[in-house]
1. Given the condition at pLDDT below 90 and crowded, with 16+ Cβ neighbours inside 10 Å, answer yes or no: does some residue in the stretch 243-259 qualify?
2. Tell me, yes or no, whether the stretch 168-175 has at least one residue that is part of a loop (DSSP other than H, G, I, E, B) and either in contact with a helix residue (DSSP H, G or I) (Cβ under 7 Å, 6 or more places away or on another chain) or over 20 Å from residue 44 (Cα atoms) (or both).
3. So in the stretch 124-134, with the set limited to residues that are assigned to a strand (DSSP E or B) and out of contact with any helix residue (DSSP H, G or I) (no Cβ under 6 Å at 6 or more places or on another chain), which one is farthest from residue 164 (Cα to Cα)?
4. Looking only at the stretch 135-164, count every residue that is in contact with a helix residue (DSSP H, G or I) (Cβ under 6 Å, 6 or more places away or on another chain) and free of Cβ contacts under 8 Å to residues at least 24 places away in the same chain and tell me the total.
5. So if I check each of 210, 178, which one is buried (at least 18 other Cβ atoms within 10 Å of the Cβ) and over 20 Å from residue 61 (Cα atoms)?
6. For the stretch 183-258, which fully contained helices (runs of 4 or more DSSP H) count at least 3 residues that are closer than 24 Å to residue 38 by Cα and in contact with a strand residue (DSSP E or B) (Cβ under 8 Å, 6 or more places away or on another chain)?
7. Could you pull out the residue among 103, 121 that is surrounded by fewer than 17 Cβ atoms within 10 Å (Cβ to Cβ) and touching a helix residue (DSSP H, G or I) at 6+ places or on another chain (Cβ under 6 Å)?
C-alpha cells in the first residue's frame, strides 16, 4: 500500500523525487583503485637497483588508459612509501603491500620483482587485495633482455585480465596505442629510473641531467614526457617551499627581536 508520503508527492507532482538515492541497476560499476609499487631488483646488478621505479611508473601510465581502473599516481604514493624506502624494505611482500594500500586508499596493489639469468630477463608480479591481504593473482614473463619493452607490454595485458577487466575492441586498441606511445629501450628505462630515484632523494638538478638524453632520444614518448614533467613540477614545488620556509624564518627572527631596540 502506498505510504502517506507517496500520496502527498503524487498529489504535488513530485513523484520523481522518490527515485532520488535509488540504485540504478544499469549504472556503471565503480572503477577499481590500483597502485603499482616499485619493483624489487633481484638481478644482482647494481645498475638495476632503481629500475623498479621506472617500471612502476610506466605500468601506471599504461594502465591509466584502461577506463575501468583508477590508478594512484606516484605523487600520492611518495609520502606513503618514504618510510619504506628509508628502511630499504622489499616491496615484493604482501604485508608491505597491504600497509601501503591502506594508507594510500587503494583496493589493489601490484607488486613485482625483476630477476635475470643472462641473457634472459624474468619479471614476476602479484596482485594483492588490500582489504583481505590475499594474493589474488600472480604472473610471470620471461624473455631476452633486449625485448624488455615487449615483456612489460605483455605483463600489462595480463594484469588487466587478472584484475577481471573486460576490454572492448576499442579499449584494447586504446591500450595498445598508449603502450606504443610509451616505448623506450632498456638503457633508456634505466636512465629514467635513476632520474626518478634522484628526484625522490631531492636532487632535482641531477634528475634533470639524467633524464635529458632520454627526452632528446624519445621526444614522442608519453611516459618519458610525463616523467620529465613530474621532475620539473616537484623541483618547482620544492623551490617554492624552500623560499617560503626562508621567509617564515626571517619573519620569526624579527618577531623575536625586542622592538623598539633597548638603548645602550
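1. Looking only at the stretch 243-259, we keep the residues that are at pLDDT below 90, and these are 243-259.
Then drop every residue that is not crowded, with 16+ Cβ neighbours inside 10 Å, which leaves none.
Checked against the condition, which is being at pLDDT below 90 and crowded, with 16+ Cβ neighbours inside 10 Å, the stretch 243-259 yields no hits at all.
2. Narrowing the stretch 168-175 to residues part of a loop (DSSP other than H, G, I, E, B): 168.
After this cut, where a residue has to be either in contact with a helix residue (DSSP H, G or I) (Cβ under 7 Å, 6 or more places away or on another chain) or over 20 Å from residue 44 (Cα atoms) (or both) as well, the list is 168.
The answer is yes, given that some residue of the stretch 168-175 is part of a loop (DSSP other than H, G, I, E, B) and either in contact with a helix residue (DSSP H, G or I) (Cβ under 7 Å, 6 or more places away or on another chain) or over 20 Å from residue 44 (Cα atoms) (or both).
3. Step one: filter the stretch 124-134 for residues assigned to a strand (DSSP E or B), giving 124-129, 134.
Those left that are additionally out of contact with any helix residue (DSSP H, G or I) (no Cβ under 6 Å at 6 or more places or on another chain): 124-126, 129, 134.
Values: 124: 19, 125: 16, 126: 14, 129: 13, 134: 16 Å.
It comes out as 124.
4. Residues that pass the stated criteria total 3.
5. Working: 178 fails: over 20 Å from residue 61 (Cα atoms).
Matching residue, one of 210, 178: 210.
6. Values: elements: 186-200, 204-217, 222-256.
Per the criteria, no element qualifies.
7. Values: 121 fails: surrounded by fewer than 17 Cβ atoms within 10 Å (Cβ to Cβ).
Of the residues listed, the single one that is surrounded by fewer than 17 Cβ atoms within 10 Å (Cβ to Cβ) and touching a helix residue (DSSP H, G or I) at 6+ places or on another chain (Cβ under 6 Å) is 103.
Each row is one residue, and each column tells you yes or no for (1) closer than 22 Å to residue 231 by Cα; (2) out of contact with any helix residue (DSSP H, G or I) (no Cβ under 8 Å at 6 or more places or on another chain); (3) modelled with pLDDT of 90 or more; (4) buried (at least 17 other Cβ atoms within 10 Å of the Cβ).
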site: 30; (1), (2), (3), (4): no, yes, no, no
site: 35; (1), (2), (3), (4): yes, no, yes, yes
site: 39; (1), (2), (3), (4): yes, no, yes, yes
site: 46; (1), (2), (3), (4): no, yes, no, no
site: 54; (1), (2), (3), (4): yes, no, yes, yes
site: 58; (1), (2), (3), (4): yes, no, yes, yes
site: 63; (1), (2), (3), (4): yes, no, yes, yes
site: 73; (1), (2), (3), (4): yes, no, no, no
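The values are calculated or read from the model by the stated rules, or taken from the named source; none is laboratory data. Please read these numbers as outputs of a predicted model, since none were measured by experiment. Ideal geometry is used to build each Cβ from the backbone, glycine not excepted, and the neighbour counts take in all protein chains shown.
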